[in-house]
Amino acid sequence: MSTHKEDYYVLLEIERNADGSTIKRAYRKKALQYHPDKNQDDKAAEEKFKAVSEAYEVLSDTQKRQIYDQFGHDGLSGQGYHGPQDPSDIFSSFGSIFEDFFGFSSEGGGSKKTRRGKDLQYDLTLEFKEAVFGVKKDISFYKQTSCEPCSGSGAKKGTSPVTCTSCKGSGQTRQTQGFFSVMMECYSCRGTGKKIKEFCPECHGAGAVSKKKTLEIKVPAGISDGVRLRVSGEGETAPQGQSGDLYVFITVKESKDFLRDGNDIYLDYPLSCIQASLGCKVQVETLDSKETFTIPAGSQHGETFKLKDKGVPSLRSRGRGDFFLRLHITVPKKLSKEEKTHLENYAKASGLPFGNDVEKKKPSSGFFQRIFE
Ligand SMILES: [Zn+2]
Ligand SMILES: [Zn+2]
């Protein structure tokens, strides 16, 4: 801590005549901003947190505030007051206000709290066919893991944490508020029942360090966009506690060729109206094979041809969806001289008006009904 101390009122950004609730509000804002949980491994924030906490401790206490107003920092050090020494001491000094500020609550049951690490989220994007047939992917991410040198205790190697004197190792303290008495997580040891005398140099007492983890993810065949996979126990590890889970959120890229509807696959196949009229055979690549479809003469736009069990493997059962070839009838945009002659002959043979001829159809002919059915 620096020898020159900043003015408490300046630290909390309040007037010198600020009342109790103003001080409390100002402190709450600052404490949330610099709280160690939010600023991990940030020494400056930790210092700031200690400083604002100290300012609050003094200014919220009428007697201490009077001394401070009159004699400044020197007046308080003359009282033997030096402020909290480490963040965990801050928790012991401030007891119930942390309950209001940070929503710590009683866990009940009277036992020491077992900590569980945070769940993690990883976004994984798959190619269309990787999702269809499944794939193995190596993913890398950073997570908090139990510190090895101190086995997550936070205490320097060779030393061990001592029993917390505030809660006598139970991890809970009794708080009296008016007529009520409630059991709350011990602020001194944050519910662990132990206190560290000498910090582990590796994790500075946190018991956890951030480490890169590489993991092979087996994505099952048939997975679809928007699904999340849970990898149990691969989240963050709380010091001497349990691990959270890792959630892998799947995004599947679209295919240029195929359209997926559940486990069915659609392929829009462009076919000339002439071929559709005469009928033909077409060879197409499905997801994993080459197949020949017979298109009968007179096939219409939008008609589908089904190939059973050539769709997407089912995620939950053994089967597969179906593959559909869907006709997209096209009209030739340009005709050669010879092609034009043939088509005009076709039109004449069928009595179809073309060029400057005018077609006169009446709704009663049934033509309109048929086309809109
Ligand atoms: Zn305790
Ligand atoms: Zn450590």
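What follows is calculated from the coordinates using simple rules that are stated; it is not laboratory data. Everything quoted here is computed from the prediction, not taken from an experiment. Every residue, glycine as well, gets a Cβ built from its backbone with ideal geometry; the counts of neighbours run over all protein chains shown.
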Problem set entry | Inter-label distance, nm, simple model (7 Å from Cα along the C-beta direction), Phe293/Gln242 | 5.2 nm
Exercise. When the chain is fully extended, how far beyond the present Cα-Cα distance does Leu335 get from Thr214, taking 0.36 nm per residue of separation?
Worked result: 37.6 nm
Exercise. Which distance in nm do the two modelled labels at Phe133 and His342 give, with both placed 7 Å along the Cα-to-Cβ direction?
Worked result: 3.9 nm
Seminar exercise, completed: Taking r as the C-beta separation of Gln175 and Glu285 and R0 as 51 Å, the FRET efficiency to the nearest 0.05 is 0.10
Seminar exercise, completed: The local net charge around Lys157, scoring Lys/Arg +1 and Asp/Glu -1 for residues other than Lys157 whose Cβ lies under 11 Å from its Cβ, equals -2
Exercise. What nm distance separates the two modelled labels at Asp123 and Lys43, each placed 7 Å from Cα along Cα→Cβ?
Worked result: 3.5 nm
Seminar exercise, completed: Restricting to lysines and to Cα separations under 21 Å from Lys136, and discarding same-chain partners fewer than 8 apart, the set is Lys212, Lys213, Lys218, Lys253
For this session: Compute the semi-axes of the equivalent ellipsoid of the range 267-372, taking the square root of 5 times each eigenvalue of the Cα gyration tensor, and list them largest first in whole Å.
Result: 37, 19, 10
